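Here's the structure, in structure tokens; my notes come after.
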Amino acid sequence: MANILGPDEILDKVSNAYVNKARAKEKRLFILSFLAGAFIAFAAAGSSFASFNLLANKDTLGLGKLVQGLCFTPGLIFVLIAGAELFTGNNLMLISVYDKKINIKELLRAWGIVYLGNFIGSVFVAFLMMKSGQWNACDSMLGARTILIANSKVNLGFSEAFILGIFCNWLVCLAVWMSFGSDSQVGKMLCAFFPVMLFVLSGFEHSIANMYYIPAGIFAKSIPAYVTASGLGDGLNTLTWSGFFIHNLLPVTLGNIVGGGIFVGLAYWLSLRKKED
């Protein structure tokens, strides 16, 4: 019979687990974070393929977002079940800091390695997707949709991207938090499924997913047929590496940290741990 933990027990389990993650060797952290970046990129690529025709029509936009959300959920499931290090989930490492089990230096070291590994894994998949020719589907319309998704993301305002980042990782870290409460694979999968589906359906912003979506759009932009099919022509001035880092990745990452570390990590720590004082 599966063991189900209550919130107090989850807090202790999370706190102890992230101490081990924070102090893991660099090689282990990097390899597992590269895998997590690739897992999220695979989910992004598959969900884009499944939904791109629906997203192109305003009458089926909601259905398209739902399909996209349903097909994106395997990304976090792979991370939780197969074992990998995802920066957004690791924002819960702040609980170990609140418990004074690790210090800020250890936190930032682990975050830095994982963030870099996630980035390389995601961009690696995006580059190979461009080389694979998959974006030629439906007379280059998948390549066009890849550009359109990326372009919309780099044209968000700073505050918009920040808030959407908060909402996204509030849900992602809630999924990770709940997964600690189950010792069965099916339980962990269900814990991941609904929050992730909801964040994608709602159009929230995930920094690691964007490490695939936006580089994929930048790579697709180099193919004239995809640009023509997108209908944007000269309207892609912001879809650059600097536009990616400044206009999306920075505010979304900060929002993700707040969403996961404050609205999940700190909220549960204050409500559950502080009552012991």
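The table for this structure:
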| read-out | value |
| --- | --- |
| Some residue of the stretch 240-257 being of a type outside the set (Ser, Thr, Tyr), at pLDDT below 95 and part of a helix (DSSP H, G or I) | no |
| Verdict on ALA45 being open to solvent by less than 40 Å² (accessible area, probe 1.4 Å), under 26 Å from TYR268 (Cβ atoms) and of a type in the set (Gly, Ala, Ser) | no |
| Number of the exception - LEU55 against (1) of a type outside the set (Phe, Trp, Tyr); (2) open to solvent by 60 Å² or more (accessible area, probe 1.4 Å); (3) modelled with pLDDT under 95; (4) under 26 Å from PHE193 (Cα atoms) | (2) |
| Residue in the stretch 3-25 that is in contact with a strand residue (DSSP E or B) (Cβ under 7 Å, 6 or more places away or on another chain), open to solvent by 70 Å² or more (accessible area, probe 1.4 Å) and touching a residue at least 12 places away in the same chain (Cβ under 8 Å) present | yes |
| From ILE163, ILE147, residue being in a helix (DSSP H, G or I) and crowded, with 24+ Cβ neighbours inside 10 Å | ILE147 |
| Failed criterion for ASP277 (all others in (1) modelled with pLDDT under 95; (2) in contact with a Pro (Cβ under 7 Å, 6 or more places away or on another chain); (3) of a type outside the set (Val, Ile, Thr) hold) | (2) |
| Boolean, ILE102 is outside any helix (DSSP H, G or I) and not aromatic (Phe, Trp, Tyr) | yes |
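The values are calculated or read from the model by the stated rules, or taken from the named source; none is laboratory data. On a predicted model such as this, the values are computed, not experimentally measured, just so you know. Please note: Cβ atoms are built from the backbone with ideal geometry, for glycine as well, and neighbour counts cover all protein chains shown. Surface areas here come from the heavy atoms of the whole protein model, side chains and all, with no ligands, DNA or RNA. Shrake-Rupley method; radii C 1.70, N 1.55, O 1.52, S 1.80 Å.
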